[in-house]
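Asker: Structure provided below as structure tokens; questions to follow.
Where a number appears in this text, it was derived from the coordinates with a stated rule and is not lab data. Quantities reported herein were computed from a predicted structural model and do not represent experimental measurements. When we count neighbours, we look across all protein chains shown, and the Cβ atoms used for this are built from the backbone with ideal geometry, even at glycine.
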Amino acid sequence: MNIGIIALNSSNYKSIGRALDWLEVEYTFIKNSKDLHKTSHIILPGVSSFSSTINELIDRELIGGIEKLKNLGMPILGLCAGMQIMGANSEENPGVPGLGWFDFSVETIKPNFSSQIRSVHTGWNDVYDFSQNSITSLPGVFYFNHSFYVRKLPDKETYGKTDHGGMFASVVRKDNVIGAQFHPEKSQSKGLDFLRDFVKLKYD
């Protein structure tokens, strides 16, 4: 097992590596497509904008290689912006297409000051399990920091939901591809449990 962490300049990939150190899991920082053959799993982190994440993947010629491994069944986990780019598009950067792995659009969080809902969702919040226990670390409390979210997604692909002025999809899954809006590397023991669930997925 060797977890490939996509090492984008616009991501917190080193923090993901430190979390995997706690799990005593071997990993490689992936900076170009030639390194992809070393991996059994891929983690796609992101703390930057939708367009910055997509454009850096394009510039490094990584999308084609990642798509090929996805189609072969390799487990792939997208975190925060790494989850958002798995959809079709985002209000953050109109006109910039996502990877299209899920049929969702990323929307701006609308503030509601009367109910103290802010446009930036930062801090600890519940993830409610909608997955019939197929991800064993759910439900739980995880750490979030984002101002865009996935509000509409088919229930069969929504494995976790979180309430921030209304429910949004905080964990999505389609076959071997998982996305999480929260930061497991900042979510203490529950975040490590989530990453442990992911690395247990098999790639034949």
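Asker: Roughly what would the spin-label model give for ASN55 and SER15, points 7 Å off Cα along C-beta, in nm?
Answerer: A separation of 2.2 nm, rounded to one decimal place.
Asker: Magnitude of the Cβ-charge dipole of the chain, K/R +1 and D/E -1, about the Cα centre, nearest 20 debye?
Answerer: Its charge dipole is roughly 100 debye.
Asker: For P(r) over Cα pairs in 5 Å bins from 0, in percent, the listed values are (1) 1, 8, 15, 16, 16, 13, 11, 7, 5, 3, 2, 1, 1, 0, 0; (2) 1, 8, 17, 22, 22, 17, 9, 3, 1, 0, 0; (3) 1, 7, 11, 13, 14, 12, 10, 9, 8, 6, 4, 3, 2, 1, 0, 0; which was obtained by calculation from the structure presented?
Answerer: Identified label for the calculated read-out: (2).
Asker: Can you list which of the GluC sites (Glu not before Pro) found in region 1-90 are DSSP loop residues with at most 15 other C-beta atoms within 10 Å?
Answerer: Taking region 1-90 and a limit of 15 other Cβ atoms within 10 Å, the loop GluC sites (Glu not before Pro) found are GLU24, GLU26, GLU61.
Asker: What does the charge count around TYR128 come to, taking other residues whose C-beta lies under 11 Å from its C-beta (Lys +1, Arg +1, Asp -1, Glu -1)?
Answerer: Combined, the nearby Lys, Arg, Asp and Glu give -2.
Asker: Continuing with the same structure: Measure nothing but the geometry: give the 0 to 90° angle between the long axis through the Cα atoms of 50-59 and the longest principal axis through the Cα atoms of the chain, rounded to 10°.
Answerer: Compared with the principal axis, the helix lies near 10 degrees.
Asker: Here's something else I'd like to know. Order by neighbour count: HIS164, HIS37, fewest other Cβ atoms within 10 Å first, most last.
Answerer: Ranked by crowding around the Cβ, least crowded first: HIS37, HIS164.
Asker: In what sequence do TRP101, TRP124 fall when counting other Cβ within 10 Å, fewest first?
Answerer: TRP124, TRP101
Asker: Can you give the net charge of the other residues whose Cβ lies under 12 Å from the Cβ of TRP101, counting K and R as +1 and D and E as -1?
Answerer: It works out to a net charge of -1.
Asker: A follow-up question, please. Excluding SER33 itself, what net charge comes from residues whose Cβ is under 10 Å from its Cβ, given Lys and Arg +1 and Asp and Glu -1?
Answerer: Charge balance near SER33 sits at +2.
Asker: Hey, what number do you get for the chain at 222 nm if only DSSP H runs of n ≥ 4 count, each worth -39500 (n - 2.57), divided across all residues, to the nearest 500?
Answerer: -6500 deg cm²/dmol
Asker: In addition: Helix 13-23 against the longest principal axis of the chain: what's the angle in degrees, Cα atoms only, rounded to the nearest 10?
Answerer: Computed tilt is about 80 degrees.
Asker: Pairs on different chains or at least eight residues apart, Cα atoms closer than 22 Å: how many lysine pairs in region 1-115 fit?
Answerer: 9
Asker: Okay, moving on. Order of ASP126, ASP193 from fewest to most other C-beta atoms within 10 Å?
Answerer: Listing ASP126, ASP193 from fewest to most nearby Cβ atoms yields ASP126, ASP193.
Asker: Taking amide H positions as placed in the peptide plane 1.01 Å from N, state which residues far from GLY4 in sequence (5 or more) or on other chains have amide H under 5 Å from it.
Answerer: Amide H neighbours of GLY4, under 5 Å, 5+ apart: THR28, SER40, HIS41, ILE42, ILE43.
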